[in-house]
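The values are calculated or read from the model by the stated rules, or taken from the named source; none is laboratory data. Every value quoted in this text rests on a predicted model; they were computed, and no experiment measured them. Note: ideal-geometry Cβ built from the backbone for every residue, glycine included; neighbour counts use all protein chains shown.
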Amino acid sequence: MPEEASPTKTEEYEQALKESGAQLYVFRLYVTGASRQSLQAIDNIKQLCDENFSGRYQLEVIDIYQQPELAMKAQLLAAPTLIKHQPPPLQRLIGNLSNTEDTLRRLGATEQREKR
C-alpha cells in the first residue's frame, strides 16, 4: 500500500487557520527593482500586515524587472501594485501604500479590526 504524503507546513498552517476561524490574507506586491517607491511600498505593506494580520498573511514580493512574465500575467498597469488574492474579492492597489486607513479599507480589513 502506498503511504499518504504528510502535509506540508503550509497545509498545516492553513488547516490551523481554518480551525481557529481566522482568515488568511494572501498578497503579491509587484515592484520595480530598488526604486524609492518600491522600497516604500515594501516597508508600508510589511508594517501594515504585521500590525493587522500578524500570523495570518502571506506576502510575496515580485520584482518585475527580474520576472517580467509575472507582470504580464497579472496584467499590471503600474508599479508598485499590491494584489490581494485572499480572501475574496480580488483587489488591486497601486502606489506606495502610505495611506494606511485607505489601504486597510480597500483590503477589507477594517471589518476585521472592528471585530477585535
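Could you list, in sequence order, all residues of region 50-70 that are within 15 Å of SER38 (Cβ to Cβ) and at pLDDT below 95?
none
Taking ALA41 as meeting all but one of (1) small (Gly, Ala, Ser); (2) touching a Pro at 6+ places or on another chain (Cβ under 9 Å); (3) at pLDDT below 95, write down the number of the exception.
Of (1) small (Gly, Ala, Ser); (2) touching a Pro at 6+ places or on another chain (Cβ under 9 Å); (3) at pLDDT below 95, only one is false for ALA41: (3).
Could you list, ordered by first residue, the pairs with Cβ atoms under 7 Å in which the first is in region 46-66 and at positive phi and the second is among the acidic types (Asp, Glu) and surrounded by 12 or more Cβ atoms within 10 Å (Cβ to Cβ), at least 6 apart or interchain?
Between residues of region 46-66 that are at positive phi and residues that are among the acidic types (Asp, Glu) and surrounded by 12 or more Cβ atoms within 10 Å (Cβ to Cβ), there is no close pair.
Go through region 61-99 and give me each residue that's polar (S, T, N, Q), closer than 14 Å to LEU48 by Cα and surrounded by 14 or more Cβ atoms within 10 Å (Cβ to Cβ). Spell out how you get there, then give the answer.
Let us first name the residues in region 61-99 that are polar (S, T, N, Q), namely 66-67, 75, 81, 86, 91, 96, 98-99.
Among the residues that remain, those that are also closer than 14 Å to LEU48 by Cα are: 96, 98-99.
The one that is polar (S, T, N, Q), closer than 14 Å to LEU48 by Cα and surrounded by 14 or more Cβ atoms within 10 Å (Cβ to Cβ): ASN96.
Could you please find all residues in region 32-45 being farther than 16 Å from GLY95 by Cβ and free of Cβ contacts under 8 Å to residues at least 12 places away in the same chain?
Of region 32-45, the ones farther than 16 Å from GLY95 by Cβ are 33-34.
Correct list: ALA34 only.
Would you tally the residues in region 36-60 being surrounded by 17 or more Cβ atoms within 10 Å (Cβ to Cβ) and among the polar types (S, T, N, Q)?
Within region 36-60, residues that are surrounded by 17 or more Cβ atoms within 10 Å (Cβ to Cβ) and among the polar types (S, T, N, Q) number 3.
For the list (1) modelled with pLDDT of 95 or more; (2) surrounded by 16 or more Cβ atoms within 10 Å (Cβ to Cβ); (3) not aromatic (Phe, Trp, Tyr), I need the number of the one condition that LEU107 fails.
Single failed check for LEU107: (1).
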